[in-house]
Amino acid sequence: MHRRSFLKKLTGYSLGVMAGGLVLPNGIKAELVKPFAELISENRLNDEIRNRIVELKKDNRNLHVGELHCHSYYSDGAYSVRDLLLRSSLLGLDFLVITEHLTPGTYRLESCLDSIKAQWNIFNRWNYGEMGPPAIYPAFEISTKEGHLIAVFPEDYFKPERLREIRRYFSRFDHYSVPVELTAGLIREMGAVSIVTHPDIKRSYPFGISSGFVKEHLAGLVDGIEDMSAGHGYQKDFSAETGLATIGSSDDHLNIILGTVVTSFDGTKHDNIIEAIRMRDTRAVRLTNSLDILFSPTKLFFNI
Ligand SMILES: [Zn+2]
Ligand SMILES: [Zn+2]
């Protein structure tokens, strides 16, 4: 398809969905957006991301590039974890961290654990020829009293006994909003790392923790902060102000913007993304800005 007609079609879809979709429940919105999502990803976007990663790796073959923030239908995303794993593999991402919501009274811990188990099963039974799976890590995005915080656990936590440990520590989060300081302490105690997501972004409920609060109360307690977000459409320098690891991610719910903004680390210095975050030795990278001319899909369709 020519670029122009592609963009025209894309805009047509987006306007149609915007007009009819905003007052509908999330499930129906997701159905409406699906053809639109498939249209974008089957076209230029995937190629563009893939080529940019190849280009980045020309300078350092050991560079690892991946997605640290996205949702499947185990919380409020529209796609399966298999879809997200396959797309990540197709894009050439080295790691994928799926971060279902853990929100009191809304998204339960058991659902996060089901997502983690599903990811592990797919990873272990991967059978897609030459295309290898990305590395995966157990993770979720916790709604704390002050706002959202991602926890990323070492691979070891895929084991049933360690999942039970997560259940023991986190089941109370189904019922209470726990203060972020306490939550971050717990995450660290378990050997996991924490990331402040979409700082300063306001909603009617605790959403983005203010960067001022992070600087004053969390700098020594959390590990990373989202400097760059495709879903929330900003690029800042929070990490320099707070001394935390810089993170770039998509917060994709629709399998569209996955991998457009990523985090990288040097594989010759660190074994995995958790270690790189802990050592504050990451980079936030925007791989494409092709979607900027349209809109930020996540922001428009979902109240996340
Ligand atoms: Zn969030
Ligand atoms: Zn999110």
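The per residue volume of the convex hull around the alpha-carbon atoms of the stretch 40-79 is 80 Å³.
The Rg/Rh ratio of the stretch 60-99, with both radii computed over alpha carbons and Rh defined as the Kirkwood radius, is 1.04. In the stretch 56-137, one over the average inverse separation of all distinct C-alpha pairs is 13.4 Å, which is the Kirkwood hydrodynamic radius.
Label separation (E189 vs Y128): 3.8 nm, computed from points 7 Å beyond Cα along the C-beta direction.
Residues whose amide H lies under 5 Å from that of F140, counting only those 5 or more places away or on a different chain, are A151; hydrogens are built 1.01 Å from N in the peptide plane. On full extension, the segment bounded by Y234 and N289 gains 18.6 nm, given 0.36 nm per residue less the C-alpha separation.
Taking 0.36 nm per intervening residue step and subtracting the Cα-Cα distance, what contour gain separates D114 from D83 on full extension? The span from D114 to D83 would gain 9.6 nm if fully extended.
Each peptide in 253-265, 116-128, 175-187 receives the mean, over its residues, of other Cβ atoms within 10 Å, and ordering these scores from highest gives 253-265, 175-187, 116-128. Full extension of the chain between K58 and E165 yields a length gain of 34.4 nm, computed as 0.36 nm times the residue separation minus the alpha carbon distance.
Read the figures in this text as sums done on the coordinates, not as results from a lab. Note that the structure is predicted; figures quoted are calculated from it, not measured. Virtual Cβ from ideal backbone geometry, glycine too; neighbours counted across all protein chains shown.
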